[in-house]
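The values are calculated or read from the model by the stated rules, or taken from the named source; none is laboratory data. Bear in mind the structure is a predicted one, so any value in this text is a computation, not a measurement. All Cβ positions, glycine included, derive from the backbone under ideal geometry; neighbour counts span all protein chains shown.
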Amino acid sequence: MGYALDFGWLNGAIGMIARGAAMTIFLITVTTIAGIILSIFGAAAKRSRYPILRKAIGAYVELIRNTPFLVQLFFIFFGLPRFGIRLDPVVAAMLAMTLNMTAYTTEIVGAGLDAVPNGQREAAAALGLPSWLVFIKIVLPQALKVIFPALTSQIIIMMLESSVVSQIAVRELTYEADMLQARTFRAFETYFVVTIVYLGLSIGLRRLLFATGRRAIAGGMA
C-alpha cells in the first residue's frame with residue numbers, strides 16, 4: 001500500500017512555523033552582530049604584541065573549533081548550573097552560538113587583516129593618523145571586503161546550526177517542526193516543509209547580506 005502525502009495540516013501549522021522561523025532569525029541576528037564585533041577584537045588581539053593575549057585567543061579558537069557545537073551548548077546550559085549559573089534557554093543558545101561563531105570568524109577576520117598590505121598602514125602613519133583610526137577607517141574595511149564571501153558563508157552555516165538549540169527547548173524552527181510531526185504523525189511532510197523554509201531563509205539571508213554588506217563596507221572606506 002503506497003504512502004499518501006497529506007499537507008492538510010499545514011494551514012493550522014503556519015503560525016508555529018512562522019514563530020519558529022522568527023526565533024531562528026532573531027538568534028542569528030544577535031549572534032552575527034555580537035560574533036563579528038568580538039571576532040574583530042579577537043583577531044586584533046591575536047596579532048598584538050602581548051604573547052599572553054595571543055596565546056589566550058589562540059587557545060580559545062582551538063578549543064571551540066575542535067569540539068562539537070552540541071557539547072558546547074550542553075556545557076553552557078547543563079554544566080554551568082553546577083556552579084550556580086542558570087541561564088534561560090534562549091540566552092544559553094545565544095551565548096553558545098556567539099562563542100562558536102566568534103572562534104571561526106576570528107580566523108576569517110584575521111586572514112583579512114593579514115591580506116591588507118603593510119604599505120597601507122605605513123602611509124596612514126606617515127600622515128599622522130592615530131593607530132586606532134588607521135585600523136577602523138583603512139585596515140578593517142579592506143579586510144572585510146576581502147573576507148566578505150567567507151564571512152557570509154559562516155553566517156549561513158551558523159544559522160543552519162542553530163537547529164541544534166532545539167535540544168534545550170528553544171522554540172526555533174526545528175523545535176516547532178518536532179512538535180508538529182509529533183502532533184500530526186506526518187514526519188515526511190513536516191520536515192519537507194521545514195527544509196523548504198530553511199532553504200528560503202538561507203537564500204534570503206545571503207542576498208540580504210550581499211545587498212547591504214558591500215555598501216556598508218564601501219561606506220566605511222569613504
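Here the condition is being of a type in the set (D, E, K, R), modelled with pLDDT of 95 or more, assigned to a helix (DSSP H, G or I) and closer than 28 Å to ASP6 by Cβ; of GLU176, GLU161, it holds for GLU176 alone. Condition test on PHE7, is it assigned to a helix (DSSP H, G or I) and over 15 Å from the mean Cα position of the chain (by Cα)? Considered against the rule, which asks whether it is assigned to a helix (DSSP H, G or I) and over 15 Å from the mean Cα position of the chain (by Cα), PHE7 comes out as no. From the list VAL193, VAL170, VAL139, the one residue that fits, being under 30 Å from LYS46 (Cα atoms) and buried (at least 16 other Cβ atoms within 10 Å of the Cβ), is VAL139. Taking the criterion of being more than 15 Å from the chain's Cα centre (by Cα), assigned to a helix (DSSP H, G or I) and in contact (Cβ under 8 Å) with a residue 40 or more places away in the chain, the residues of region 20-49 that qualify are GLY20, ALA21, GLY42, ALA43, ALA44, LYS46. Only a single item in (1) surrounded by 13 or more Cβ atoms within 10 Å (Cβ to Cβ); (2) closer than 26 Å to VAL116 by Cα; (3) not charged (D, E, K, R) is not met by PHE74, and it is number (2). Among the criteria (1) free of Cβ contacts under 8 Å to residues at least 60 places away in the same chain; (2) outside any helix (DSSP H, G or I), the one ARG171 does not fulfil is (1). Examine region 52-75 for a residue that is in a helix (DSSP H, G or I), of a type in the set (Phe, Trp, Tyr) and over 23 Å from LEU151 (Cα atoms), and state whether such a residue exists. Looking through region 52-75, at least one residue is in a helix (DSSP H, G or I), of a type in the set (Phe, Trp, Tyr) and over 23 Å from LEU151 (Cα atoms).
Just wondering, is there one or more residues in region 50-57 that are within 22 Å of MET159 (Cβ to Cβ), modelled with pLDDT of 95 or more and of a type in the set (Val, Ile, Thr)? Within region 50-57, not a single residue is within 22 Å of MET159 (Cβ to Cβ), modelled with pLDDT of 95 or more and of a type in the set (Val, Ile, Thr). Just to be sure, is ILE155 touching a Lys or Arg at 6+ places or on another chain (Cβ under 9 Å), modelled with pLDDT under 95, buried (at least 16 other Cβ atoms within 10 Å of the Cβ) and in a helix (DSSP H, G or I)? Considered against the rule, which asks whether it is touching a Lys or Arg at 6+ places or on another chain (Cβ under 9 Å), modelled with pLDDT under 95, buried (at least 16 other Cβ atoms within 10 Å of the Cβ) and in a helix (DSSP H, G or I), ILE155 comes out as no. When the residues of region 8-50 are filtered to those that are aliphatic (A, V, I, L, M) and within 17 Å of ARG206 (Cα to Cα), the one that is surrounded by the most Cβ atoms within 10 Å (Cβ to Cβ) is ILE28. On inspection, LEU63 passes the criterion of being over 28 Å from ALA177 (Cα atoms), exposed (fewer than 14 other Cβ atoms within 10 Å of the Cβ) and more than 14 Å from the chain's Cα centre (by Cα). Restricting the first member to region 130-145 and to residues that are free of Cβ contacts under 8 Å to residues at least 24 places away in the same chain and hydrophobic (A, V, I, L, M, F, W, C), and the second to residues that are assigned to a helix (DSSP H, G or I) and surrounded by 18 or more Cβ atoms within 10 Å (Cβ to Cβ), the beta-carbon pairs closer than 6 Å and six or more apart or on different chains are VAL134/ALA124. Evaluation of VAL134 against the conditions (1) crowded, with 17+ Cβ neighbours inside 10 Å; (2) closer than 30 Å to ARG207 by Cβ shows that the sole unmet condition is (2).
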